[in-house]
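**Q** Pasting a structure below so you can have a look.
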Amino acid sequence: MKKHYFFSFKNYILGSFLLFVIQVNSQTFTDSNLPIVIVTTDINPATSLPYDIVDSPVVLGSMKIIKHVDGSRNYVSDQNTTTYLNYNGRLSIQIRGSSSQSTPKKGYGLTTLLADNTNNNNVSLLGMPSENDWILNGLAFDPSLIRDYLAYNISRQMGNYATRTQYCEVVINGEYMGLYLLEEKIKSDSNRVNVLKIATTDISGDNLTGGYITKADKTTGGDPVAWTTIPYAGNNVDYIHDLPKPTNVTTEQDTYIQGQFSNFQTAITGNNSSLSNGYPTIIDVPTFVDFMLSNEFAANVDGYQLSTYFHKDRNGKLRAGPIWDFNLTLGNDLFFWGYDRSKTNTWQFGNDDNEGSMFWMDLYNNSNFRCYLSKRFHELTQTGQPMNAAFLNTFIDNTITLISEAMVRENQKWSTIPNNALEIATLKTFISNRISWMTNQLGSFSACSNVVVPPLVITKVNYNPATSTNFPISNDQEFIEITNTGSASVNLSGIYFKELGLTYQFPYNSTISGNSSLYLASNSTVFQSQNGFASFGQYTRNLSNKSQKIVLVDAFGNLIDTVEYFDAAPWPTAPDGNGSYLQLISTSLDNNLASSWVASNTVLDAKGFNYNDSLSVIYPNPATHFLTIKTQLNIEKIEIFDVYGKLITTIAGNANEISTDVSNFSNGIYFIKIYSEFGVKMEKLIKN
């Protein structure tokens, strides 16, 4: 139970006394190029002094974050100027960490609170998305002061979620505490780990399948170990529930998530790569590839055994990550305790120490997975990519420049930076040597370098449907259309949506015919009631009403198609709650371009897919007076829309060639929808 202590007027007296100067041993701390975090705990009535921050229980206090939005210097004296305060409010705070608690400089976990000292206050700190759980990372055991910052930035540049970070200098109860990373805590959130929060009532059916956050770690704070696995070598691996919390997990939930790990281990131990019941059907292969590369590139001595997170959304695959706690990496270790494990020439999943669960080595030994591991590492080490040595050297130099003046004060306070220049030079050399060794060890990726993916295209997206008396729930009316632009049937086994927020994996041996389309709906019952025919399947969760990246991939993560729509110009805005949907003009266009889409409110038809009629022509185009549409198929009708999706005219037809007068059209861009017995085709028209 959290114990709360209440604010006293003496806090104001203490804050006023410390308004302008803070002593950093022999140096006075008055200003910084970094944000300044000032924490003042409440007064303990027994001692008339501020409460000490301890591991447990939390103590209450206030926090101010000084940050000039124009990028100019921040001053301790700014703490009472509202314009310069990024945050000014209440918090609860405690010491966090495990082995790092043995160091004089502590790390802290904090929760931003409302003025009632009870309810959480979701706020954006230093530009990070709003939340209430935060960490002040004390950079323990890392004389470079950049390893966590570097690792999290690399992971984000790889396209994964990793905790966002901001360097800052911290003052607690008038004492300068040094350089810290203010960072997000790993938790379920649409802007952090984007999985549904499972409730205690979610104990059966689809609800039981997620979402979960699970970690392999040592237990701290009394959290019980959920289950233990035996590695090939080294210590047993303990798994701990993070979502749901250990105090809330039900027997059904514990059994289910353990079963996912067990099924995965069975599949990969058996070298089962099949698309019916093999490991690609259980895990999200790209996240496991990236997670292994992040840990191996950094030679993380705790990788796989400790601070190793996994997550799983409802009806989704088991995913690795996000990465966490990378201070003992890139040649760094607990040398003063006799450890020296972060090497350029050793795999951490096979180091006879902190190897983690057996499935890590089994994955590496699986030829399919290892091929993708090698292919991805090759991509990441190319010029300008996040694991390229030159790219990282520049990033490291820029980071050191950013924190250089704070490093002086940090070292005066804690004497933890014996020789930063040598440390950085050694770190850069380690990176270069590590890249060479891993490249040689991973070997060829030719077997997976040119994978042929099916010609599937996302052609319709209904992300914010309008409501009506008959259909009062917008989310239930969502749908996505996927079109097979090829003439041959496509086996859909293993194909799924990769990005979190939208979950669907096609059933094994399901197919789509050539030159045809299928619909996936958010609610299959509502879709059939509204449109008069059945959707192919029902996805889990809902499309964003603002923007979402929809990524269709095969079982190993090879990209088939991707669309990232927005609810603002230059994208058509009519689909944003106004009764229409996004329609791709033609499958020959790039569907990542806003100009390739129009708003449409045409009633869906079971045969109303986009077809690939390469012989259809529209001439002249641009047109001034008369326009002719000629196809190889019999035209049932033609509709012409303006650029905003408004229907201008409908022309009946019963031939493969139709002419019409467009001389009264205003100059500009129009879209022609051609209906035939085989479906619908969209073409662009320019009127001069």
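The values are calculated or read from the model by the stated rules, or taken from the named source; none is laboratory data. Since this is a predicted model, take the numbers as computed values, not measurements. Note: ideal-geometry Cβ built from the backbone for every residue, glycine included; neighbour counts use all protein chains shown. Accessible surface is based on the protein model in full, side chains and every heavy atom, while ligands, DNA and RNA are left aside. Shrake-Rupley method; radii C 1.70, N 1.55, O 1.52, S 1.80 Å.
**Q** How large is log10 I(q)/I(0) at q = 0.09 Å⁻¹ when the Debye formula is applied to the Cα atoms of region 507-661, each weighted equally and without solvent?
**A** The Cα Debye sum returns log10 ratios of -0.37.
**Q** Continuing with the same structure: How large is the charge dipole for region 259-379, taken about the Cα centre, if only the Cβ atoms of Lys, Arg (+1) and Asp, Glu (-1) carry charge, to the nearest 20 debye? Numbers along the way, then the final one.
**A** Details: 9 positive and 13 negative charges, 98 e Å.
Result for region 259-379 is approximately 480 debye, rounded to the nearest 20.
**Q** Specify, per residue and in Å³, the volume enclosed by the convex hull of the alpha carbon atoms belonging to region 322-421.
**A** With only Cα atoms used, region 322-421 gives 152 Å³ per residue.
**Q** Compute the accessible area per residue over region 443-491, keeping the other protein chains in place, probe 1.4 Å, unit Å².
**A** Using a 1.4 Å probe on heavy atoms only, each residue of region 443-491 averages 44 Å².
**Q** Also: Find which of 432, 479, 351 sits farthest along the positive direction of the dipole of the chain, computed with +1 on the beta-carbon of Lys and Arg, -1 on that of Asp and Glu, about the Cα centre.
**A** 432
**Q** Rg/Rh for region 50-129 to two decimals, with Rh computed the Kirkwood way over all alpha-carbon pairs.
**A** 1.01
**Q** Can I ask one more? For region 435-568, what's the relative contact order in percent, using C-alpha pairs closer than 8 Å and at least 6 residues apart?
**A** 24 percent
**Q** So, one more: Per the 1.4 Å probe, what fraction of the accessible area of region 144-245, in percent, lies on carbon and sulfur atoms?
**A** So the carbon and sulfur contribution to the accessible surface is 45 percent.
**Q** Could you give the angle, 0 to 90 degrees to the nearest 10, between helix 251-269's Cα long axis and the longest principal axis of the Cα atoms of the chain?
**A** 80 degrees
**Q** Of 118, 30, which has the most accessible area with a 1.4 Å probe, and how do the rest follow in descending order?
**A** Working: 118 90, 30 50 Å².
Largest accessible area first, the residues go 118, 30.
**Q** Figure the gain on full extension for residue 233 and residue 412 (residue separation times 0.36 nm, minus the Cα-Cα span) and round it to one decimal in nm.
**A** Roughly 60.2 nm would be gained on extension.
**Q** OK, next. Of the GluC sites (Glu not before Pro) in region 453-556, which ones lie in a loop per DSSP and count no more than 13 other C-beta atoms within 10 Å?
**A** none
**Q** Further question on the same structure: Quick check: residue separation of residue 529 and residue 103 times 0.36 nm, minus the Cα distance between them. What number comes out in nm? If you can, show how the numbers build up before the last one.
**A** Working: separation 426, 0.36 × 426 = 153.36 nm, distance 6.39 nm.
Result: 147.0 nm gained on full extension.
**Q** So between residue 219 and residue 88, what do we pick up on full extension, going 0.36 nm a residue minus the alpha carbon distance?
**A** Contour length minus the Cα-Cα distance gives 43.8 nm.
**Q** Tell me, what is the 1.4 Å probe accessible area of residue 473, in Å² to the nearest 10?
**A** So the heavy atoms of residue 473 present about 90 Å² to solvent.
**Q** Same structure, new question: Normalised by the residues of the chain, what does the relative contact order come to in percent, with Cα pairs under 8 Å and at least six apart? Don't skip to the end; give the middle numbers.
**A** Numbers: 1500 pairs, mean separation 56.2, N = 688.
Relative contact order, the chain: 8 percent.
**Q** Cα axis of helix 285-297 to longest principal axis of the chain: angle in degrees, 0 to 90, nearest 10?
**A** Orientation of helix 285-297: about 30 degrees from the principal axis.
**Q** Just to verify a number: what accessible area does residue 307 come out at with the full protein assembly present, 1.4 Å probe, Å² rounded to tens?
**A** 10 Å²
**Q** For a label point 7 angstrom out from the Cα of residue 630 toward its Cβ, which stretches of region 655-670 have the backbone nitrogen within less than 13 Å?
**A** Under cut-off, by backbone N: 656-659.
**Q** If R₀ is 25 angstrom, what is the calculated FRET efficiency for the pair residue 114 and residue 194, using the beta carbon separation as r and rounding to 0.05?
**A** Given R0 = 25 Å and the Cβ-Cβ separation, E is 0.50.
**Q** Sticking with this structure for a sec: What per residue convex hull volume, in Å³, comes out for region 228-268 when only alpha-carbon positions are used?
**A** Working: hull volume 3.0 nm³, N = 41.
Per residue, the Cα convex hull of region 228-268 comes to 74 Å³.
**Q** Less than 28 Å apart at the alpha-carbon level, and either on another chain or at least 8 residues along: which lysines does that give for residue 546?
**A** 185, 187, 197, 312, 317, 460, 498, 646, 673, 681, 684
**Q** While we're here: Convex hull over the Cα atoms of the chain, averaged projected area in nm²? Before the final figure, lay out each step's value.
**A** Numbers: hull surface 136.8 nm².
It is 34.2 nm².
**Q** Oh, and also: Placing +1 at every Lys and Arg Cβ and -1 at every Asp and Glu Cβ, with all other atoms neutral, what dipole size does the chain have around its Cα centre, in debye to the nearest 20?
**A** For the chain, the charge dipole is close to 360 debye.
**Q** If you don't mind, there's one more thing I want to ask. Evaluate E = 1/(1 + (r/R0)^6) for residue 508 and residue 453, where r is the Cβ-Cβ distance and R0 equals 25 Å; express this FRET efficiency to the nearest 0.05. Before the final figure, lay out each step's value.
**A** Numbers: r = 18 Å, r/R0 = 0.71.
Rounded to the nearest 0.05, the efficiency is 0.90.
**Q** Expressed as a rounded percentage, what relative contact order does region 51-118 have, with Cα pairs under 8 Å and six or more residues apart?
**A** Reported as a whole number, the value is 32 percent.
**Q** Please give the Cα centre distance for region 68-100 versus region 146-199, rounded to the nearest Å.
**A** Rounded to whole Å, the Cα centres lie 15 Å apart.
**Q** Here is a further query. Along the charge dipole of the chain, Cβ charges K/R +1 and D/E -1, which of 291, 161, 276 sits furthest on the positive end?
**A** Result: 161.
**Q** Further question on the same structure: Which FRET efficiency value, to the nearest 0.05, do you get for residue 77 and residue 398 by plugging their Cβ-Cβ distance into 1/(1 + (r/R0)^6) with R0 = 25 Å?
**A** Efficiency computed from Cβ-Cβ geometry: 0.30.
**Q** Still on this structure, I have one more. What whole-number value in Å² describes the accessible area per residue of region 220-362 for a 1.4 Å probe?
**A** Values: 4900 Å² over 143 residues.
Value returned for region 220-362: 34 Å² of accessible area per residue.
**Q** Okay, helix-only estimate at 222 nm for the chain: each DSSP H run of n ≥ 4 adds -39500 (n - 2.57), divide by all residues, round to 500 deg cm²/dmol; what do you get?
**A** Using -39500 (n - 2.57) per qualifying helix, the result is -6000 deg cm²/dmol.
**Q** Suppose accessible area is computed on protein heavy atoms with a 1.4 Å probe; arrange 201, 426, 308 from highest to lowest.
**A** Numbers: 201 110, 426 80, 308 0 Å².
Order by accessible area, largest first: 201, 426, 308.
**Q** Ignoring ligands, DNA and RNA, how do 428, 185 rank by accessible area with a 1.4 Å probe, largest first?
**A** Numbers: 428 50, 185 85 Å².
Descending accessible area places them as 185, 428.
**Q** Another question, then. Going through region 475-559, which chymotrypsin sites (Phe, Trp or Tyr not before Pro) have at most 16 other Cβ atoms within 10 Å and a DSSP loop state?
**A** Numbers: sites: 479, 496, 497, 504, 508, 519, 527, 533, 536, 539, 556; in loops: 504, 508, 533, 536, 539, 556.
Here the chymotrypsin sites (Phe, Trp or Tyr not before Pro) that fit, given the DSSP loop and packing criteria, are 508, 533.
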